[in-house]
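The values are calculated or read from the model by the stated rules, or taken from the named source; none is laboratory data. The model shown is predicted, which means the values in this text are computed figures rather than measured ones. In this analysis, Cβ positions are derived from the backbone assuming ideal geometry, glycine residues included, and neighbour counts consider all displayed protein chains.
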């Protein structure tokens, strides 16, 4: 870990009803930050999903439930972690995803986000 651990907070994302609703601010900000993380990783936005596709993909279905979390530093979203859990398969697995903006890596934020989604998965019985 380099540099001092910044003051950060982790929040669960409440999915908005729509992209333009009054409750969509956090989702829209997170979607924009995720585009930045795709750009940092791949050098283009070719692999980025639209906000509309992200919103649809993160909604629970009869087959899978998801929970999404984001980290904030100085009021700004700087990272994201998600946990997708199968609802119908008798498996003890979950799919976890994590990403943090380059400027905030190696400061413990990604570790804290990962622990958050690992706890969510473990509480649901997902052990692998």
Problem - Odd one out for residue 120, checked against (1) assigned to a loop (DSSP other than H, G, I, E, B); (2) at pLDDT below 90; (3) within 18 Å of residue 9 (Cα to Cα) - result: (1)
Exercise for the section: Name the single residue, out of those in segment 102-115 being surrounded by fewer than 19 Cβ atoms within 10 Å (Cβ to Cβ) and either touching a residue at least 60 places away in the same chain (Cβ under 8 Å) or in a strand (DSSP E or B) (or both), that is nearest to the chain's Cα centre (by Cα). Expected result: 112
Problem - Every residue from segment 75-101 that is in contact with a helix residue (DSSP H, G or I) (Cβ under 7 Å, 6 or more places away or on another chain) and part of a loop (DSSP other than H, G, I, E, B) - result: 94, 101
Practice task
Tell me, yes or no, whether segment 35-42 has at least one residue that is over 12 Å from the mean Cα position of the chain (by Cα) and either at pLDDT 95 or above or over 16 Å from residue 103 (Cβ atoms) (or both).
Solution key: yes
Handout entry: Checklist (1) in contact with a strand residue (DSSP E or B) (Cβ under 6 Å, 6 or more places away or on another chain); (2) more than 30 Å from residue 89 (Cα to Cα); (3) buried (at least 16 other Cβ atoms within 10 Å of the Cβ) applied to residue 24, failing item
Key = (1)
Handout entry: Residue in segment 17-40 that is over 18 Å from residue 104 (Cβ atoms) and touching a helix residue (DSSP H, G or I) at 6+ places or on another chain (Cβ under 6 Å) present
Key = yes
Practice task
Taking only segment 65-88 into account, find how many residues are surrounded by 13 or more Cβ atoms within 10 Å (Cβ to Cβ), over 14 Å from the mean Cα position of the chain (by Cα) and at pLDDT 90 or above.
Solution key: 1
Exercise for the section: Examine segment 55-63 for a residue that is surrounded by fewer than 16 Cβ atoms within 10 Å (Cβ to Cβ), in contact with a helix residue (DSSP H, G or I) (Cβ under 6 Å, 6 or more places away or on another chain) and outside any loop (DSSP other than H, G, I, E, B), and state whether such a residue exists. Expected result: no
